[in-house]
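**Student:** Structure provided below as structure tokens; questions to follow.
Any read-out appearing in this document is the output of simple, stated calculations on the displayed coordinates, not a laboratory observation. Nothing here was measured: the structure is a model prediction, and the numbers come from that model. All Cβ positions, even for glycine, are placed from backbone atoms using ideal geometry, and neighbour counts span all protein chains on display.
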Amino acid sequence: MEASVTRAGGPAALRFVPLAELARIRALDAPAADRAAVFADACRLNVLYMIARAGSGHIGSSFSSIDIVSWLHLEVLREGERYYSSKGHDAPSLYSVLIALGRLPFEKLEGLRRLGGLPGHPDVLSTPQVVTNTGSLGMGISKAKGFVLADRLAGRSGRVFVLTGDGELQEGQFWESLASAANRGLHEITAIVDHNRIQSDFWVADVSDLGDLQRKVEAFGWAVGRCDGNDPHSLGPTLAGLERGAPDRPKLLIADTLKGAGVSFMEPHGLPPGGDELYAYHSGAPSPDEYARATAEIEERLTRRLEALGQPPLALDAAEAPARSVPADPQKLVSAYGKALAELADTDPRIVALDADLLLDTGLVPFRKRHPDRFFECGIAEQDMVSQAGAMALTGLLPVVHSFGCFLSTRPNEQIYNQCTEGTKVIYAGSLVGLAPGGPGHSHQSVRDISALGAMPGMSLLEPASEHETRLCLEWAVREAPGSVYIRLVSVPWELGFEPHRVERLVPGRGNLVRPGADAVLVGAGPVMLSQAYAGAELLSGQGIECAVVNLPWLREVDGAWLADLAAGAPVFCLDNHYAAGGQGDAVLAALAAQDGVAVASVRRLAVDRVPECGTNDEVLHAHGLDAESIAAYVEAGMPSRV
């Protein structure tokens, strides 16, 4: 899963291996394993370049898997055969290999997590060499079965190689997919487990120990092998032997790797199992010092390896790191939420917290430190987590359940519905919602969570815009809400551009006026939409159009009479950091329509209208027409004629 370790600043110059040197490596007259080791390290340097340039990405798993990806593409894959990573967040390793092989344009090295570049997770529509979209975990072997069965129907033959993470094996779909693959004799499938032993934050064994993985998978009828996945001298022969030894069965290779492999301080040598320390390089971008140390280590090893093959060192190119702006006074909702939850739990012993392998990203570090006996790490198993919470609620506890909104609202949707039908209360906190951050791509941009949860019986849905309002939402959920609550949290530190209101408590269905104006009313929730609405209203003011801006944290139960009175006959524009279908705009429309005799000039919605783009936050908001300038243009075009 995507995490958000943030390191300020960036190196002044970034070094990369140019295409001519990559071609020299591919043409080396050397044993295949030695050539692959050099090639993988060259691609490591380029992965580091891409992530440092983008300002985010998954270093740890890209480095643990890159020797595997390199070997497969250099020595194993034949024309028409498929490779993809089921976990998906190691996409930089695949991109760097495809660029080195000339299968993607070399200039794409500059485009990781940029609009029109290479998305943070694989996407078939934007990257021709990508086989399938991944990033939502657990789907890989199921998709491989689909490819093989389709090929057989068409009279084609070809192998499918699927890379999975070991943390990913906590997803139930992985285990569901095994038996029928063996029953059908789908020998074309080879699954490779990137067994680096660490998931987002913790050791896999501390969260959900895999036990004897080899015997478990063999019990489903698969052939299983094991090797050092970071050593081509071990990987190549083991993979070939597995292929020869099981011509009629699906195969799984457990590739023992190191997270962050190839950079000593990124490898988890000093991370004690069972401790409180979190792995620091699952994702994010390296600091300038970390970047310099990492590149120096990789370059030194590359030079030694080339020297052993009688070759001169690589001639690297360099480029300046892009400048990045840092918000002057951002609202940090997840941090505020985590602090508030820990403090509420001090006085309410009913509160327990459940997490899906996202302790850091969902703000739970303070809770875990203060209430370790009431913190439950459930791993990458959202359905299991929610069902546990439902049972806890039946005993009188108040479970607070955490994951990214894209996973929490969808994967355990049936389990959430089951809990709601029991008439109990569970608080669901979904972070990483909306279009921003735009870098991870559409698998992680949660723009359907409101619609996914909007029909849950008795559930309230809220989205705070400020740190203060985040605390109010949580306090209301704990102390006043009659049923379950979903709190939608923007994860990116975000500057509002105005001073947020500090009301004492939330009034169900109502919000507050951020900016007065009589010509139109802009309604939104959360810091992203409200900041753009406010800036858009300021732009319109310069054209003689005065727009009120309303912060409405309620995503479902909207007080239509209150909003109609506030609008006073002016047109209402609903701004949704979400798809239009099922978003807050639908709730506003329904609430206003239910008011007899209330005059509203018109109600229009501006929302995400297609699968989200991947890029910087500014790029993505503009591409979807949800930045301040686009909002201003939309409102101006939708205003009634004043002639």
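**Student:** Take the alpha-carbon centre of region 512-537, take the same for region 446-508, and report the distance between them in whole Å.
**Tutor:** For region 512-537 versus region 446-508, the Cα centre distance is 17 Å.
**Student:** Any chance you could run the full-extension gain for F106 through A240? It's 0.36 nm times the residue separation minus the Cα-Cα distance, nm to one decimal.
**Tutor:** 45.1 nm
**Student:** Given the -39500 (n - 2.57) contribution per DSSP H run of 4+ residues, what per-residue ellipticity at 222 nm results for the chain, rounded to the nearest 500 deg cm²/dmol?
**Tutor:** -11500 deg cm²/dmol
**Student:** Do any trypsin sites (Lys or Arg not before Pro) in region 578-643 lie in a DSSP loop with no more than 10 other beta carbon atoms within 10 Å, and if so, which?
**Tutor:** Here the trypsin sites (Lys or Arg not before Pro) that fit, given the DSSP loop and packing criteria, are R610, R642.
**Student:** Follow-up question, since we're still on this one. What's the center-to-center distance, using Cα atoms, between region 163-233 and region 330-399 in Å?
**Tutor:** 29 Å
**Student:** How do H269, H624, H578, H468 line up, fewest other C-beta atoms within 10 Å first?
**Tutor:** H269, H468, H624, H578
**Student:** Which net charge results for the neighbourhood of R556, defined as the other residues with beta-carbon distances under 14 angstrom from its beta-carbon, given Lys and Arg at +1 and Asp and Glu at -1?
**Tutor:** Taking every other residue near R556 into account, the sum is -4.
**Student:** Okay, moving on. Applying the Karplus parametrisation 6.51 cos²θ - 1.76 cosθ + 1.60 with θ = phi - 60° to the phi angles of region 440-456, what ³J(HN,Hα) value in whole Hz is obtained for each residue in order, glycine and proline being reported as x?
**Tutor:** With coefficients 6.51, -1.76 and 1.60, one gets x, x, 5, 5, 10, 8, 7, 10, 9, 6, 5, 5, 5, 10, x, 9, 5 Hz.
**Student:** Work through the residues other than E619 whose Cβ is under 9 Å from its Cβ and net out their charges, Lys, Arg +1 and Asp, Glu -1.
**Tutor:** -1
**Student:** On to the next question. Report, largest value first, the span of the C-alpha coordinates of region 523-633 along each principal axis, in whole Å.
**Tutor:** Per principal axis, max minus min of the Cα coordinates gives 44, 33, 19 Å.
**Student:** Compute the projected area of the convex hull of the Cα atoms of region 187-266, averaged over all viewing directions, and report it in nm² to one decimal place.
**Tutor:** About 5.9 nm², averaged over all directions.
**Student:** Oh, and also: Among rounded, prolate and oblate, which fits region 333-489 when a ≥ b ≥ c are the square roots of the eigenvalues of its C-alpha gyration tensor, a/c under 1.5 means rounded, and a/b larger than b/c means prolate?
**Tutor:** Cα axes put region 333-489 in the rounded bin.
**Student:** Could I ask something else about it? Loop only by DSSP, 12 or fewer other Cβ within 10 Å of the Cβ. Give me the trypsin sites (Lys or Arg not before Pro) in region 37-86 that pass, ordered by residue number.
**Tutor:** The qualifying sites are R78.
**Student:** In region 306-374, what trypsin sites (Lys or Arg not before Pro) fall in a loop by DSSP, with at most 10 other Cβ atoms inside 10 Å?
**Tutor:** In loop regions of region 306-374 (DSSP not H, G, I, E or B), there are no sparsely surrounded trypsin sites (Lys or Arg not before Pro).
**Student:** While we're here: Per residue of region 416-428, in order, report the coupling 6.51 cos²θ - 1.76 cosθ + 1.60 (Karplus, θ = phi - 60°) as ³J(HN,Hα) in whole Hz, putting x for Gly and Pro.
**Tutor:** 5, 4, 4, 5, 5, 5, 8, x, 9, 10, 10, 9, 10
**Student:** For D565, D373, which order do you get if you count the other beta carbons within 10 Å of each Cβ and list the fewest first?
**Tutor:** So the residues, fewest neighbours to most, are D373, D565.
**Student:** Then there is this: What relative contact order, as a whole-number percentage, does region 333-489 give when Cα pairs under 8 Å and 6 or more residues apart are counted?
**Tutor:** With pairs under 8 Å counted, the relative contact order is 24 percent.
**Student:** Give the calculated FRET efficiency between A455 and D212 to the nearest 0.05, with a Förster radius of 41 Å applied to their Cβ-Cβ distance.
**Tutor:** The pair A455/D212 has a calculated efficiency of 0.45.
**Student:** With an 8 Å Cα cut-off and a minimum separation of 6 or more residues, compute the relative contact order for the chain in percent.
**Tutor:** 13 percent
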